[in-house]
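Here is the structure we will look at.
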Amino acid sequence: MAIDPVPAITEAEATGETAEIYADIRATLGIGVVNLIWRHLATMEGALPWVWSAIKPVYVSGAAAREAADLFDGLGLPDMPAFPAPALRLAGVGDTDRETVIAILDSYNRGNSLNLIALSTLAAKPSGEAPTSSTNAVEAVSRTIPPLPSMDALEPDLRDLVLALSDLGAGPEDRIIPSLYRHLSDWPGYLGLIWSVIGPMHHDGRLKVLMERGWDAAHKHAGRISDQVALGPEPPSAAEALAGIEEFKRTAISRMVPVAMIIRRMMG
């Protein structure tokens with residue numbers, strides 16, 4: 001029985017229009033993975049093409065990437081030391097693996113931040129503020145990353161560690177298991193390093209502060225560019241899709257934006 005409580009169509013399972021949109025998402029966002037929110041929307045009748053066609057313009061124009069870079073700059077992430085190379089090697093992350101781990105982190109950082117901004121435009125009213133004038137942008141990822149393993153494929157202790165990491169920053173009603181930890185499961189020792197960093201931040205409340213800061217900032221940034229999006233005729237699943245988007249934004253995405261960025265900075 002599948003352990004993941006959120007239904008999704010995996011990239012390997014996707015066919016027809018869904019596979020075409022997945023490929024378009026990867027190419028447009030410049031990442032090597034289709035984030036879980038899109039895989040979840042694909043399970044709802046008409047939701048994936050409805051949402052994607054509405055917000056694709058803010059990805060294509062670069063507006064979402066510029067706002068996402070501005071969001072990162074304003075999060076006030078803690079200044080953490082880089083993982084020492086021997087610690088990474090002892091955790092199973094050698095020199096070659098390090099580049100793959102970085103590519104995975106960069107894919108999720110770009111995907112989560114752009115999606116948080118772009119999906120927030122669906123509910124944000126135009127703020128009247130000009131879009132950011134920054135020339136920075138969250139960069140595309142060219143390196144190929146390994147496929148995402150299923151939760152069922154993980155051995156018990158590794159699966160339990162992924163679930164324990166997923167609980168960091170989560171509320172009692174949160175049911176979404178972020179895909180990043182599973183994507184890093186080829187390096188169990190590295191997941192242990194992540195726990196040693198993020199666990200204390202969850203325990204003392206710093207992670208919650210960063211999550212709330214990112215949530216608030218996302219809506220501010222989305223209001224700057226929300227006039228660039230427009231939803232077309234509603235599919236039968238419109239209400240379910242919008243509710244799912246709000247759940248993902250509020251829980252998994254706002255949680256993983258600071259987490260993945262902190263870990264990425266610690267990779268040097």
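Quick note: the coordinates plus some simple rules give every number you see, no bench work behind them. Computed from a predicted model, the values in this text were never measured in an experiment. Glycine gets a Cβ as well: all are built from the backbone with ideal geometry, and neighbour counts include every protein chain shown.
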Aspartates and glutamates whose Cα lies under 13 Å from that of Lys220, excluding same-chain neighbours fewer than 8 positions away: Glu67, Asp70, Glu129, Glu212
Contour minus Cα-Cα distance for Glu155 and Thr96 (0.36 nm per residue): 18.8 nm
Selected from Leu163, Pro233, Met256, residue furthest toward positive end of dipole (region 142-268; charges at beta carbon): Met256
Kyte-Doolittle mean at least -0.5 and Cα axial length at least 30 Å: DSSP H helices in the chain: 95-120
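Given a cut-off of under 8 Å on Cα pairs at least six residues apart, what relative contact order in percent is computed for region 16-265?
Normalised by residue count, the contact order of region 16-265 is 36 percent.
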Modelled FRET efficiency - R0 25 Å, Trp195 with Glu13, Cβ distances, 0.05 increments: 0.25
R0 of 45 Å, Cβ-Cβ distance Glu246-Arg143: FRET efficiency to nearest 0.05: 0.90
Cα→Cβ-extended label distance, 7 Å offset, between Asn136 and Ala27, nm: 3.0 nm
Mean separation of Cα contacts under 8 Å, 6 or more apart, over the residue count of region 1-85: relative contact order %: 26 percent
Net charge dipole size for the chain [Lys, Arg +1 and Asp, Glu -1 on Cβ; Debye, nearest 20]: 640 debye
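Roughly what percent of Cα-Cα pairs across the chain reach past 25 Å?
Tail of the P(r) past 25 Å holds 42 percent of the pairs.
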Label-point separation, Ala87 to Arg265 (7 Å along Cα→Cβ), nm: 1.5 nm
Inter-label distance for Glu129 and Val209, nm, one decimal - labels placed 7 Å from Cα along Cα-to-Cβ: 2.1 nm
